[in-house]
């Protein structure tokens with residue numbers, strides 16, 4: 001069982017992809033490449049497809065997606081449900097330590113995030129009870145955590161760590177009849193729940209695992225070697241990157257300079273997909289970058305969640321409903337029509353725009369239809 005280690009840029013992922021390509025070239029469908037994030041899975045799928053390989057969905061997937069297939073009968077507790085259960089637990093227990101802050105906005109959400117972090121590390125309420133330090137808030141937090149655990153059990157829901165443990169037990173007992181080889185790549189740490197999956201997999205499939213050789217991973221690497229993995233260390237291959245500091249007079253100028261440098265790399269033959277932009281925060285950078293990249297005709301995919309209310313289709317539908325509920329006020333209805341695709345390119349809608357403006361204020365759908373050219 002190979003354990004491939006090395007610094008970033010040492011070729012660990014390239015080595016894994018080479019083996020994965022060889023399996024695809026041999027028409028093997030009993031292989032899986034598991035990665036930590038959906039973004040990485042999507043990127044690798046696109047990369048392999050661009051190289052001419054045909055692969056069915058699921059050959060490259062996240063570890064979470066793989067686990068979902070192993071334990072579909074063990075539903076995962078959504079974060080929103082955990083937040084609600086934490087609120088109920090705090091109110092029901094009414095601990096004196098939390099009484100003054102229990103109703104403050106964000107308190108229960110922060111408490112829920114702490115519980116999810118402990119769970120992700122494989123530390124449920126019972127395990128935490130034997131290890132929690134003697135601090136002023138420890139007993140109150142533990143009581144809420146255990147109450148949430150009991151509430152989840154009553155609803156038949158599991159936190160991520162317990163689902164991983166259930167998946168590991170099922171894999172260890174039943175095996176993976178349709179899978180012969182698995183590669184795990186891109187992971188920087190393996191908490192106990194993920195490690196249980198690894199130990200279950202090695203019982204039934206050929207497993208290859210990659211890890212960075214950071215000092216923080218030394219205990220994990222030692223544990224895996226003792227468990228039977230053979231470490232293969234890759235030396236750094238990627239040359240040291242050139243670092244340039246650009247001082248811009250204002251943020252708009254900074255975005256334009258980024259766009260120009262992207263075009264310079266693209267004109268030299270580098271694909272756009274190999275160029276990335278990292279920002280400190282969504283605001284104010286992302287809206288300006290989005291507009292600037294569009295102006296320079298640079299294709300880009302933004303890995304940020306967008307507010308559904310701001311989506312053009314949602315804005316159009318919600319404002320249309322508001323106009324209807326408001327009795328079809330002509331000014332409001334005209335504002336909705338302006339959101340329609342290609343409004344400015346339609347001579348008929350342009351004439352309607354002038355006709356509506358001439359008789360505003362007015363209401364009613366009938367009188368509005370009478371203005372249609």
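The values are calculated or read from the model by the stated rules, or taken from the named source; none is laboratory data. Fair warning: this is a prediction, and the values are worked out from it, not measured in the lab. Here the Cβ is made from the backbone with ideal geometry for all residues, glycine too, and neighbour counts use every protein chain on show.
Table for the structure above
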{"item": "Test: residue in region 174-183 that is in a loop (DSSP other than H, G, I, E, B) and without any contact (Cβ under 8 Å) to a residue 12 or more places away in the chain", "result": "yes"}
{"item": "Neighbours by Cβ (under 7 Å, 6+ apart or cross-chain): first from region 115-138, free of Cβ contacts under 8 Å to residues at least 12 places away in the same chain; second surrounded by 14 or more Cβ atoms within 10 Å (Cβ to Cβ) and not in a loop (DSSP other than H, G, I, E, B)", "result": "132/138; 132/142"}
{"item": "Test: residue in region 186-195 that is assigned to a helix (DSSP H, G or I), surrounded by 14 or more Cβ atoms within 10 Å (Cβ to Cβ), on the phi < 0 side of the Ramachandran plot and free of Cβ contacts under 8 Å to residues at least 60 places away in the same chain", "result": "yes"}
{"item": "Count of region 196-217 residues which are under 19 Å from residue 233 (Cα atoms), touching a strand residue (DSSP E or B) at 6+ places or on another chain (Cβ under 9 Å) and assigned to a helix (DSSP H, G or I)", "result": "1"}
{"item": "Residues located in region 18-32, provided they are part of a helix (DSSP H, G or I) and either out of contact with any helix residue (DSSP H, G or I) (no Cβ under 9 Å at 6 or more places or on another chain) or outside the structural domain of residue 201 (by TED's automatic domain parsing) (or both)", "result": "18, 19, 22, 23, 25"}
{"item": "Qualifying helices (runs of 4 or more DSSP H) (wholly inside region 93-157; at least 3 residues being out of contact with any strand residue (DSSP E or B) (no Cβ under 7 Å at 6 or more places or on another chain) and either modelled with pLDDT of 90 or more or farther than 30 Å from residue 71 by Cα (or both))", "result": "107-120, 138-155"}
{"item": "Residue pairs meeting the criteria (Cβ under 7 Å; at least 6 apart or on separate chains; first under 14 Å from residue 256 (Cα atoms), in region 270-293; second part of a loop (DSSP other than H, G, I, E, B))", "result": "285/279; 286/279; 286/302; 286/304; 289/277; 290/302; 293/300"}
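Let's see how each residue does on (1) part of a helix (DSSP H, G or I); (2) surrounded by 13 or more Cβ atoms within 10 Å (Cβ to Cβ):
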position: 3; (1), (2): no, yes
position: 9; (1), (2): no, yes
position: 13; (1), (2): yes, yes
position: 16; (1), (2): yes, yes
position: 34; (1), (2): no, yes
position: 65; (1), (2): yes, yes
position: 73; (1), (2): no, no
position: 81; (1), (2): yes, yes
position: 85; (1), (2): yes, yes
